[in-house]
Each structure stands twice: as structure tokens, then as C-alpha cells.
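Bear in mind these aren't lab numbers, they're just calculated from the coordinates by the rules spelled out. Note that the coordinates shown come from a computational prediction; the quantities given were computed from them, not determined experimentally. Note that each Cβ is placed from the backbone with ideal geometry, even for glycine, and that neighbours are counted across all protein chains shown.
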Amino acid sequence: MITLICSNYNSSRWIKGYLESINNLLYDTFDIIFVDANSTDDSLQTIKDYTFREGINKRVIEKNTRVGIYEAWNIAIEEANTTYVMNINTDDRLYPAALDIYLSYAANNPNVDIFYGSCNVVSEENHTTITNVYSWPEFSHGTLLQNCMCGPFPMLKRSSVVAAGMFDPKYTISGDYEMWLRMSKLGYKFQKVGETVGSYFLNPEGMSTTPETHMEHIKQDITIRALYS
């Protein structure tokens, strides 16, 4: 039913906790595809050596050049052969029942293309202290134009993402936002999930959160909003 997709690059600080959290997911059987963007630390080897419980099917794709996160997502989506896909970054965590919750919504709403839920925000990489909650509103195109409310780990119907044209790697920071607005403009269906399904690490060194990329992030968001308003 679902493939988790993960772009990995030099994540040795938190990859062990990430792998354990995936292993603790309650849903019986799912796939996970790792796309390694030419890591130079030991995170790739840690992923390759880790043995998941029965029912979790791991694939690792190694790139010999540095690829961006949206290019990595596209590679994984092309390799997936399940109805749904979901990105989960190495510094974020899904709660054990997350996939059961999402897929129960999907079973009752098979016409929906994107399911998204609220998430807890943490300021420490061990995810022990909640500092905020991203409690997203019900979907409308106008609300989506105001903020990128589908992340950090929406569940996507794979065929819909492919039909919409996949993620555009030229938006190096806001490629997910561009995809959600593009799909919304094209008439794909979004649905909010009532439960909180995971926690998001507000990583001070993350691509979308570091001060060095702040102005470029704003620039890309403005361009995207103008394109789909």
C-alpha cells in the first residue's frame, strides 16, 4: 500500500534514531526506499547494515554525485510500486500508529490525492521536548497560498504525483510547496487528517531553516505563489 521515501545525506547524528523509529511503526508491511546523495560520513553504511523487522522492505539507491532532495524524491517515487508514497526526513519522526492512521483515511477516501496532518515541533534532535505544534487548517487553495501547510510528511497518491509532473528540482528549497500548489491548481483532492502523526525537528542547519538560505527561501515562495495564485 505505501512506500516511505528518504533522501539521505550525512545524517550520522540522527540516523540510528530514525531507523529505530521506522522499525517501530505498527503497520504490518510497507516499503522504504533510501536515496543516498553521495554521503561522506557513515550514515549510508549504517542504513545498509540495519536490519528491519519482518514486513519492512528496504531498498537503497546510491548516487555517486550530490543530488538535491527533490531529485532524490523523484528517483524514489519512480522506483516505488505502491499506491501511496510518503517522504520522511532523517531528522523527523513518525509516531508508531502514523501509517495505520493515514491508510485508514485512505481506505475511506480513495479519491483523495494528498493526506496531511498536524505535527509536533521539537527543538532537540532526540525529539523528547515539544516546543510547538503545526496545527494546519482545513484545505483550500487560498489557505495553501498563505502557507505551506501539507508538510512535513503528507501521504501522496503515487499515480497523482506522477501525473502532475513530479517535483521540480529547480526549486531547491520550496519544491514541495510548488508541488502542493501545482496539484491544488490542477484540481487534485486534499484532506486533513485529524490526528497528530509525527514530530518535526526544527533543524537550525536544515535547508529551509538555516539563516544562510532564508532570503532564497522567501524568494522561491514568492515566485511560486505568484505562479499559482
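Taking R0 as 22 Å, what FRET efficiency do you get between Thr129 and Lys16 from their Cβ-Cβ distance, rounded to the nearest 0.05? Mind showing how you got there, number by number?
Working: r = 19 Å, r/R0 = 0.88.
For R0 = 22 Å, the calculated efficiency reads 0.70.
Considering only Tyr50, Tyr95, Tyr200, the Gaussian network model of the chain with Cα springs below 10 Å gives its largest mean-square fluctuation to Tyr50. The relative contact order of the chain comes to 23 percent, based on Cα pairs under 8 Å that sit 6 or more residues apart.
Between the beta carbons of Tyr50 and His141, assuming R0 = 41 Å, the FRET efficiency works out to 0.50 to the nearest 0.05. Residues Ser11, Ser229, arranged from fewest to most other Cβ atoms within 10 angstrom of their Cβ, appear as Ser229, Ser11.
Suppose we flag GluC sites (Glu not before Pro) only when DSSP calls them loop and at most 11 other Cβ atoms lie within 10 Å. Which is the longest uninterrupted stretch of the chain? Walk me through the intermediate numbers first.
Numbers: sites that count: Glu54, Glu124, Glu138, Glu205.
Value returned for the longest uninterrupted segment is 55-123.
Helix check for the chain. Which DSSP H runs span at least 20 Å along their own axis by Cα, with a mean Kyte-Doolittle hydropathy no less than 0.5? Don't skip to the answer; put the middle values down first.
On the way: long enough: 214-228 (22 Å, -0.42).
Span-like helices here: none at all.
To the nearest 0.05, what FRET efficiency results for Ala163 and Lys63 with a Förster distance of 25 Å applied to their C-beta separation?
Computed FRET efficiency for Ala163 and Lys63 comes out at 0.45.
Greater than 28 Å separation of Cα atoms is the criterion. Which listed pairs, Lys185/Lys219; Lys16/Lys192; Lys58/Lys157; Lys63/Lys185, meet it? Could you put the intermediate results ahead of the total?
Values: Lys185/Lys219 20 Å; Lys16/Lys192 30 Å; Lys58/Lys157 20 Å; Lys63/Lys185 33 Å.
Distance filter (> 28 Å) returns Lys16/Lys192; Lys63/Lys185.
Considering only beta bridges that DSSP places wholly inside the stretch 2-228, some 30 percent are antiparallel. This ranking places Tyr102, Tyr228, Tyr9 by how few other beta-carbon atoms lie within 10 Å of each, fewest first, which gives Tyr228, Tyr9, Tyr102.
Taking Lys and Arg as +1 and Asp and Glu as -1, the other residues whose beta-carbon sits under 12 Å from that of Lys157 total +1.
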